[in-house]
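Step one of this worksheet: look at the structure below.
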Amino acid sequence: MTTKVLMVCLGNICRSPIAEGIMRKLTNDQDFIIDSAGTANYHIGTAPDYRSIAIAALHDIDISGQKARQLTPADIDAFDHILVMDEENLSNAIAMCSSEKHRDKISLITAASEVDTPYIPDPYYGEDDGFARVYELLHDCCKNWLKKYTK
């Protein structure tokens, strides 16, 4: 059975593309369909932020071909798990839910992890080292989510 996982951040150019890349690498796309989206429509159709592409490339992950898109109600229906980066994204995604079944698919990506923060910070307005920190957090979250999910 194939499991569909959607990573969600605000604009789909920083955190969720990195998370998508990490999860694809960790699963080798076997038995998983991984995608990402943003809750806002700021960057639809654009590639990830160059700093996201660079930090992913440092870890042998190519996210340069990804294109930003906005989360839709159809995504809530189509995906088995929707992993969001922070409380604002959580609230925005939940607002699209038409049932409790849909609501139960959505969680903070940090919920299954032991990271020292309750959410993944948005590195967009910061320095390059913020992207390195986000990569580390997301790698830990994805690895631990898979460990918990695939038990």
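Where a number appears in this text, it was derived from the coordinates with a stated rule and is not lab data. Note that this is a predicted model, so its numbers are computed, not measured. Here the Cβ positions follow ideal geometry from the backbone for every residue, glycine too, while neighbour counts run over all protein chains shown.
Summary of computed values
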read-out	value
Per-region count, region 1-57, residues surrounded by fewer than 21 Cβ atoms within 10 Å (Cβ to Cβ), touching a residue at least 60 places away in the same chain (Cβ under 8 Å) and within 23 Å of ALA74 (Cα to Cα)	2
Given (1) in contact (Cβ under 8 Å) with a residue 24 or more places away in the chain; (2) surrounded by fewer than 17 Cβ atoms within 10 Å (Cβ to Cβ), number of the condition ASP122 does not satisfy	(2)
Every residue from region 13-39 that is more than 19 Å from ASP80 (Cβ to Cβ) and out of contact with any strand residue (DSSP E or B) (no Cβ under 7 Å at 6 or more places or on another chain)	ILE13, CYS14, ILE18, GLY21, LYS25
Some residue of region 123-133 being in a helix (DSSP H, G or I) and either among the hydroxyl-bearing types (Ser, Thr, Tyr) or on the phi > 0 side of the Ramachandran plot (or both)	no
Yes/no for ILE63 being touching a residue at least 40 places away in the same chain (Cβ under 8 Å), part of a loop (DSSP other than H, G, I, E, B) and at negative phi	yes
